[in-house]
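**Q** Have a look at this one before I ask anything.
The values are calculated or read from the model by the stated rules, or taken from the named source; none is laboratory data. Predicted model only: the values in this text are computed from it and were never measured. Positions of Cβ are generated from backbone atoms using ideal geometry, with glycine treated the same way; all protein chains shown enter the neighbour counts.
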Amino acid sequence: MKVGYYPGCTLKGKAKSLDDTTMLAVRLLGNELVEIPDWTCCGATTPLTETKIANLIAQTRLLAKTRDAGYEGLVTTCPFCFSTLKRANKSLRDDSLKRRRMNTYLAEDQRLRDYEIPKPAWEEYSGQVKVLHMLEWLRDEIGFEYISRAVRRPLSDLRVAPFYGCQLLRPSEDLALCDPENPVILEDFLRVIGADTLDFPARIDCCGSYLSIAKPSAALRASFRILDAARRLGADAIIVTCPLCFYNLDSAQPRMLAEFADFRTIPVLYFTQLLAFALGSPMELLGLDSHTVDPKPVLMKIKRTAGVEP
Amino acid sequence: MNRTIVIPEVDIRRKSAARIAELSGQNIAGCIQCGKCTAGCMFAYEMDLDPHQVVRLSQLGMVDELVNSEAIWYCATCFTCGNRCPVKIDIAAVSEALRLIAYRTCPEKFGPDHVSDYDAQNAPQQALVSLYRKLGI
């Protein structure tokens, strides 16, 4: 399947290391992903009320652009993008009223915006593009078996706690990535690259999401519970997929140290950083300097024992 | 004297309940008050009304109590509640409908002025976009 890569806003800004390590890991796997031309915002969240139709335009525009660029699928690393694009795609497929409204908006939009360049008439978009998360793409298109053979630096000394968060799993009827109460895709992935994967009970909890800005103390307590659960299990690091989970779990740790007496810091890593590291990338390319809690000591442990030079 | 007396408040409440149901697109009347949403909610202990109480008050059309509660502003739309609901009510959508009603009566609930300098510089872009879309405007 010919897929286009959609990084989204955060991966080009605050979560640069997630974008860089995704590209690096894909290159190390001998593959290539090309960004969708002229991409825009995905809308970040799905409108839940019936009147918020306008909040679906960004998603539809992006999906139609992907189709027009000749891609059958779209792969993204950010769970917010994945969730909002997949849900918009589903409602365009299933809801004829929404489909008609969105296409009316975009047909008008095209006529007004691109008046200088002659274009063919608007072709209705009805959810043909397949929306994939990077984990799904690695599993189904690259293949976990291929990845396991490409691993240069097995991470068997690293005890990791996988953390899914909310946008990757729920609502499960729309996203259909895996079982919302007992997900396995991240655990499977981590085992493939050789990490000692813990059975982490808080892995489907919410880190506080955007409430860390509006209700900081509530979000801090939610994030603390997750980190504390990982520490009690003896995890070396928490593995996340989402830039917002990373922000809430990593950069809030100094505040947690001040607020909770028994708190110990724990490094947070993106799954792509771990993948690139397992595939033999030197540590300098992983963008670890942007972390609040330094994950280098934990990764150094592996470097020595596995005996593979960077 | 055999005339029907319509109590206005009941009428208003019935309309309010219908309005919440229509805005959210959820079958609020179907709630069986099992409490699964509250049991799973990561922020229930921060809320003044539990998620199942929000649905119960919505059934009764008690909009004033709901709009003035803190509960609807503590929803992070993580969808744990709706995903576990045995009668498939998306409580996150009910909260969003209530926030939409709240904006009409008390605008300026959350805006860029409320974002701290630290967050404005460091928070990921997606946090600000989703926050404004969920708790603002």
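**Q** Please find, within segment A:224-246, the residue that is farthest from the chain's Cα centre (by Cα) out of those that are part of a helix (DSSP H, G or I) and under 24 Å from A:Thr22 (Cβ atoms).
**A** Step one: list which residues in segment A:224-246 are part of a helix (DSSP H, G or I), which gives A:224-232, A:243-246.
Pick out the ones that are also under 24 Å from A:Thr22 (Cβ atoms) and you get A:226, A:230, A:243-246.
Details: A:Ile226: 18, A:Ala230: 20, A:Pro243: 7, A:Leu244: 10, A:Cys245: 10, A:Phe246: 11 Å.
Here the answer is A:Ala230.
**Q** Step by step: first the residues of segment A:134-181, then only those that are in contact with a Lys or Arg (Cβ under 6 Å, 6 or more places away or on another chain) and in contact (Cβ under 8 Å) with a residue 40 or more places away in the chain, then the one that is farthest from the other protein chains (Cβ to nearest Cβ). Which residue is that? Working first, answer last.
**A** Applying the first criterion (in contact with a Lys or Arg (Cβ under 6 Å, 6 or more places away or on another chain)) to segment A:134-181 yields A:157, A:162-164, A:174-175, A:180.
From what's left, in contact (Cβ under 8 Å) with a residue 40 or more places away in the chain: A:157, A:162-164, A:174-175.
On the way: A:Asp157: 31, A:Pro162: 17, A:Phe163: 13, A:Tyr164: 11, A:Asp174: 9, A:Leu175: 9 Å.
Only one residue fits best here, namely A:Asp157.
**Q** Give me a count of the residues in segment A:32-55 that are under 24 Å from A:Tyr71 (Cβ atoms), more than 8 Å from chain B (Cβ to nearest Cβ) and part of a loop (DSSP other than H, G, I, E, B).
**A** Total meeting the criteria: 10.
**Q** Does A:Asn89 meet the test of being over 19 Å from A:Gln167 (Cβ atoms) and not in a loop (DSSP other than H, G, I, E, B)? Spell out how you get there, then give the answer.
**A** On the way: over 19 Å from A:Gln167 (Cβ atoms): no; not in a loop (DSSP other than H, G, I, E, B): yes.
Taking the combined requirement at face value, the residue does not satisfy it.
**Q** When B:Ile89 is evaluated against the numbered criteria (1) among the hydrophobic types (A, V, I, L, M, F, W, C); (2) more than 8 Å from every other protein chain (Cβ to nearest Cβ); (3) part of a helix (DSSP H, G or I); (4) crowded, with 21+ Cβ neighbours inside 10 Å, which criterion, by number, is the only one it fails?
**A** It is condition (3) that B:Ile89 fails.
**Q** So which of A:Ile238, A:Ile266 is buried (at least 24 other Cβ atoms within 10 Å of the Cβ), under 20 Å from A:Ala195 (Cα atoms) and either in contact (Cβ under 8 Å) with a residue 60 or more places away in the chain or β-branched (Val, Ile, Thr) (or both)? Spell out how you get there, then give the answer.
**A** Numbers: A:Ile266 fails: buried (at least 24 other Cβ atoms within 10 Å of the Cβ).
Answer to the check: A:Ile238.
**Q** A follow-up question, please. Among residues belonging to segment A:190-215 that are within 14 Å of another protein chain (Cβ to nearest Cβ), in a helix (DSSP H, G or I) and without any contact (Cβ under 8 Å) to a residue 24 or more places away in the chain, point out the one that is farthest from A:Val151 (Cα to Cα).
**A** Pass one, segment A:190-215, residues within 14 Å of another protein chain (Cβ to nearest Cβ): A:201-215.
Retained after the next criterion (residues that are in a helix (DSSP H, G or I)): A:211-214.
Keeping just the survivors that are without any contact (Cβ under 8 Å) to a residue 24 or more places away in the chain gives A:211, A:213-214.
On the way: A:Leu211: 38, A:Ile213: 39, A:Ala214: 42 Å.
The qualifying residue farthest from A:Val151 (Cα to Cα) is A:Ala214.
**Q** Any idea which residue in segment B:92-121 is modelled with the highest pLDDT, counting only those that are surrounded by 12 or more Cβ atoms within 10 Å (Cβ to Cβ) and in a loop (DSSP other than H, G, I, E, B)? Give the derivation first.
**A** Initially, segment B:92-121 is screened for residues surrounded by 12 or more Cβ atoms within 10 Å (Cβ to Cβ), giving B:92-103, B:109-111, B:114-115, B:119.
With in a loop (DSSP other than H, G, I, E, B) added as a condition, the list becomes B:109-111, B:115.
On the way: B:Lys109: 66, B:Phe110: 72, B:Gly111: 74, B:Val115: 86.
Top of the filtered list is B:Val115.
**Q** Now, a different point. For segment B:14-74, list the helices (runs of 4 or more DSSP H) that sit wholly inside it and hold at least 2 residues that are of a type outside the set (A, V, I, L, M) and in contact (Cβ under 8 Å) with a residue 12 or more places away in the chain; which are they? First the steps, then the outcome.
**A** On the way: elements: B:36-40, B:51-59, B:63-67.
The qualifying helices (runs of 4 or more DSSP H) are B:36-40, B:51-59.
**Q** Could you check how many residues of segment A:65-85 are outside any strand (DSSP E or B) and either touching a His at 6+ places or on another chain (Cβ under 6 Å) or buried (at least 23 other Cβ atoms within 10 Å of the Cβ) (or both)?
**A** Within segment A:65-85, the first condition is being outside any strand (DSSP E or B), and the residues that meet it are A:65-72, A:77-85.
Going one step further and asking which of them are either touching a His at 6+ places or on another chain (Cβ under 6 Å) or buried (at least 23 other Cβ atoms within 10 Å of the Cβ) (or both), we end up with A:66, A:77-85.
Residues meeting the conditions: 10.
**Q** Applying the selection to segment B:4-39, what residues are surrounded by fewer than 20 Cβ atoms within 10 Å (Cβ to Cβ) and within 23 Å of A:Cys166 (Cα to Cα)?
**A** Of everything in segment B:4-39, those that are surrounded by fewer than 20 Cβ atoms within 10 Å (Cβ to Cβ) and within 23 Å of A:Cys166 (Cα to Cα) turn out to be B:Gly25, B:Cys34, B:Gly35, B:Lys36, B:Ala39.
**Q** If A:Ala58 passes every condition in (1) aliphatic (A, V, I, L, M); (2) in contact (Cβ under 8 Å) with a residue 24 or more places away in the chain; (3) within 14 Å of another protein chain (Cβ to nearest Cβ) but one, which one does it miss?
**A** (2)
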